[in-house]
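Enquirer: Please read through the structure below; I'll follow up with questions.
The values are calculated or read from the model by the stated rules, or taken from the named source; none is laboratory data. Everything quoted here is computed from the prediction, not taken from an experiment. Note: ideal-geometry Cβ built from the backbone for every residue, glycine included; neighbour counts use all protein chains shown. Surface accessibility is based on the protein's heavy atoms, side chains included, excluding ligands, DNA and RNA. Shrake-Rupley method; radii C 1.70, N 1.55, O 1.52, S 1.80 Å.
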Amino acid sequence: MFHESSWLFPSHLIQFVNHQVVVHILYAELFFPIDTLFQVCILSNILKHVTFEIVEGQRVRIDSIRFDGVQVFTSDELNGEFQKNAGLLISRGYYVQKDIDATAEIVVDWIKSKGYLSAKLVSVNSEFSDDKKSVRTTIYVVEGDQTLVKDVQIRGATVFQSNTIQDELRLKVGDPLNLFSLSEGLESLKQNYR
C-alpha cells in the first residue's frame, strides 16, 4: 500500500519533522514493515514544502483473544463483552494494542457492574507469530469478591416515598451492587429534587 502526503510548514517548524515520529505513529497502528521517506523543498526563507511517502506493510491479524485468571465468568462470556465493545478495527480482526487495552478496561468495568467492585485488569499479553502477521492476545483479569446489597434504608425523605427513591437509585436487596448504576441513580434523583 502506498500513500503520499504533502504539507507546507513554516521554517521554524521544520525541525520537528522527523522520520522516527512517522514510523512511531504507524507502528502504533501495527503495519509491518513500515518504510517512510520524506523530501523537503525550500520555497522561501519562511516556508518549506515537505512530502512524505509512506509504505505500509500488512496489518497484523488477531488470531485469538482469550481471558485468563477469571473464576466467576468464563473466557467466552468475557470475550462476548469484549467483542460487543470493541472498536471497528478489532471487530474486523485487526490488532491495535491501544484499542485492545481500552476494550479490556471496558470489560473490567462490566465485571464491576456485576458487583465485583475490586475487579482489575492485571495485564494484556500479546504473542506475535514469527512472521509478525498474526497475534494471540491473553487478557488477565481478577474479579475479586462480589458485593451484594444486603439492606437499603432511606431516612429523612419527605418529597418522595422511600420505595420511589430506592427504585431511582436502582438498589434491590440481594442484587449485586453496581456503583455505576447507583451513581446514575443519584444524579437522576438530584434532578428530580431540582
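Enquirer: For the cross-link pairs 112/132; 98/190; 114/190, which exceed 27 Å when the distance is taken from alpha carbon to alpha carbon?
Expert: Working: 112/132 35 Å; 98/190 36 Å; 114/190 24 Å.
Where the Cα-Cα span goes over 27 Å, the pairs concerned are 112/132; 98/190.
Enquirer: Another one. Express the carbon and sulfur contribution to the solvent-accessible surface of the stretch 58-125 as a percent, rounded to the nearest whole number, probe 1.4 angstrom.
Expert: On the way: 1570 of 3510 Å².
Carbon and sulfur atoms account for 45 percent of the accessible area of the stretch 58-125.
Enquirer: Using alpha-carbon positions, what is the distance between the centroids of the stretch 138-194 and the stretch 58-83, in Å?
Expert: 30
Enquirer: Under 18 Å from a point placed 7 Å out from the Cα of residue 71 along the Cα-to-Cβ direction: which residues of the stretch 133-161 have their backbone N that close?
Expert: Label zone hits: 140-148.
Enquirer: Please identify every one of the chymotrypsin sites (Phe, Trp or Tyr not before Pro) in the stretch 149-194 that sits in a loop by DSSP and has no more than 15 other beta carbons within 10 Å of its own beta carbon. Please report the intermediate quantities before stating the final value.
Expert: Values: sites: 160, 180, 193; in loops: 160.
The qualifying sites are 160.
Enquirer: Given 0.36 nm per residue, what is the gain on full extension from residue 181 to residue 98 after removing their alpha carbon distance, in nm?
Expert: Numbers: separation 83, 0.36 × 83 = 29.88 nm, distance 2.67 nm.
This chain segment gains 27.2 nm when fully extended.
Enquirer: For a quick size check, give me the Cα extents of the stretch 64-194 along its three principal axes, largest first, whole Å.
Expert: Largest to smallest, the principal-axis extents are 69, 30, 18 Å.
Enquirer: Another question about this same structure. If you take every residue apart from residue 61 with its C-beta less than 12 Å away from the C-beta of residue 61, what net charge results, scoring Lys and Arg +1 and Asp and Glu -1? Kindly include the intermediate steps, with their values, before the conclusion.
Expert: Working: positive: 59, 92, 132, 133, 136; negative: 63, 131.
Net charge around residue 61: +3.
Enquirer: Using every pair of alpha-carbon atoms in the stretch 123-175, split the distances into 10 Å bins beginning at 0 and state the percent of pairs per bin, rounded to integers.
Expert: 18, 24, 14, 14, 15, 10, 3
Enquirer: Continuing with the same structure: Over the stretch 65-126, with the other protein chains present, what is the accessible area per residue in square angstrom, probe 1.4 angstrom? Before the final figure, lay out each step's value.
Expert: Details: 3120 Å² over 62 residues.
It amounts to 50 Å² per residue over the stretch 65-126.
Enquirer: Now for a separate question. Using the beta-carbon distance between residue 142 and residue 188 and R0 = 35 Å, what value does 1/(1 + (r/R0)^6) give for FRET efficiency, to the nearest 0.05?
Expert: Numbers: r = 31 Å, r/R0 = 0.90.
Computed FRET efficiency for residue 142 and residue 188 comes out at 0.65.
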